[in-house]
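Reading through the structure tokens given below for one structure.
The values are calculated or read from the model by the stated rules, or taken from the named source; none is laboratory data. Every value quoted in this text rests on a predicted model; they were computed, and no experiment measured them. Methodologically, a virtual Cβ is constructed for each residue, glycine included, from the backbone with ideal geometry; neighbour enumeration extends over all protein chains shown. Note: areas computed on protein heavy atoms with side chains; ligands, DNA, RNA excluded. Shrake-Rupley method; radii C 1.70, N 1.55, O 1.52, S 1.80 Å.
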Amino acid sequence: MKLILLGPPGAGKGTQAKMLTERFDIPQISTGDILRAAVKEGTPMGVKAKAFMDAGGLVPDEVVVGIVRERLQKPDCEKGFILDGFPRTEAQADALKATLASLGKELDAVISLEVDTEALVERLTGRRTCRGCGKGYHIKFDPPGEAGRCDACGGELFQREDDQETTIRNRLQVYHQQTMPLIDYYRRDGLLSAVDGMLPMDAVRERILAILQAA
Ligand code: AP5
Ligand code: ZN
């Protein structure tokens, strides 16, 4: 299964990707996670990416295209992969096409998660992540258990730096300007399926699985 999860910040791409990796035993390739790890480690790429990410803008195409090209060549991508947060511009989509062609691979599906803007702001301001195991929560829609710690490992929960409302609104604007055109891009390629991302997480999951079964 070779899949792209497309959608605005907070649409549930990461949430659904985690479920799909378990179900199909294929890796989740999240450019956001890879970039955040590089920022944390202070690598040259991380240093370059940090200012763009803090402002809610996009990291330059050549940086992310390079990350994904390298990642797709790893052996664990043989069976398939889930791209989460990539591509985000037409140039990235073109570069992905070229990379997949050079590897003799083709996408099976592109799933676009559709969610209203105000719901996205509520989801992102309420999102929390476990420092220990990376598990995602939402203070209202998927709250942690006792004492506000991670149910899986007891780890401390934190809020992402770019999940402040002003930065969130910038990210949403960038999405509308630069990423939304990819919906038509993949519709033209006959790969696009839209899913109502306003539904509860389990219902979204069921709809995605039904689409993948037919793909
Ligand atoms: P990235 O990490 O990709 O962030 P994003 O696209 O803004 O997406 P999010 O992770 O915020 O949202 P999500 O859709 O995964 O939602 P989630 O499942 O967590 O990118 C961060 C930055 O890195 C970018 O701004 C950019 O600077 C840079 N970057 C990354 N990729 C790049 C690229 N390709 N090119 C250039 N720059 C790049 O869900 C959100 C919350 O909602 C959670 O709390 C969850 O519990 C809850 N939730 C999920 N589903 C539901 C539901 N159905 N109902 C109720 N609540 C739900
Ligand atoms: Zn945890």
request  = May I ask you to list the residues in segment 117-132 that are assigned to a loop (DSSP other than H, G, I, E, B) and either touching a His at 6+ places or on another chain (Cβ under 9 Å) or open to solvent by less than 70 Å² (accessible area, probe 1.4 Å) (or both)?
outcome  = 126, 132
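Go through the residues of segment 85-99 one by one and say whether even a single one is among the polar types (S, T, N, Q) and either modelled with pLDDT under 95 or in contact with a Lys or Arg (Cβ under 9 Å, 6 or more places away or on another chain) (or both). If you could, list the steps in order and put the result at the bottom.
First, pick out the residues of segment 85-99 that are among the polar types (S, T, N, Q): 89, 92, 99.
With the extra rule that they be either modelled with pLDDT under 95 or in contact with a Lys or Arg (Cβ under 9 Å, 6 or more places away or on another chain) (or both), the set shrinks to 99.
Yes, that holds for at least one residue.
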query = Restricted to segment 22-38, and to residues that are surrounded by fewer than 18 Cβ atoms within 10 Å (Cβ to Cβ) and within 13 Å of ligand 1 (Cβ to nearest atom), which residue is farthest from residue 79 (Cα to Cα)?
reply = 37
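Only one residue in 13, 48, 18, 2 is more than 17 Å from the chain's Cα centre (by Cα) and either open to solvent by 10 Å² or more (accessible area, probe 1.4 Å) or farther than 23 Å from residue 113 by Cβ (or both), so which one is that?
Numbers: 13 fails: more than 17 Å from the chain's Cα centre (by Cα); 18 fails: more than 17 Å from the chain's Cα centre (by Cα); 2 fails: more than 17 Å from the chain's Cα centre (by Cα).
Answer to the check: 48.
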task = Output the qualifying pairs, or none if there are none: Cβ atoms under 8 angstrom, residues six or more apart or on different chains, first residue in segment 139-168 and part of a helix (DSSP H, G or I) and open to solvent by 30 Å² or more (accessible area, probe 1.4 Å), second residue within 13 Å of ligand 2 (Cβ to nearest atom) and among the aliphatic types (A, V, I, L, M).
result = 148/157
inquiry  = Can you say whether residue 58 is part of a loop (DSSP other than H, G, I, E, B), within 21 Å of residue 186 (Cβ to Cβ) and more than 12 Å from ligand 1 (Cβ to nearest atom), as far as the supplied structure shows?
reply    = no
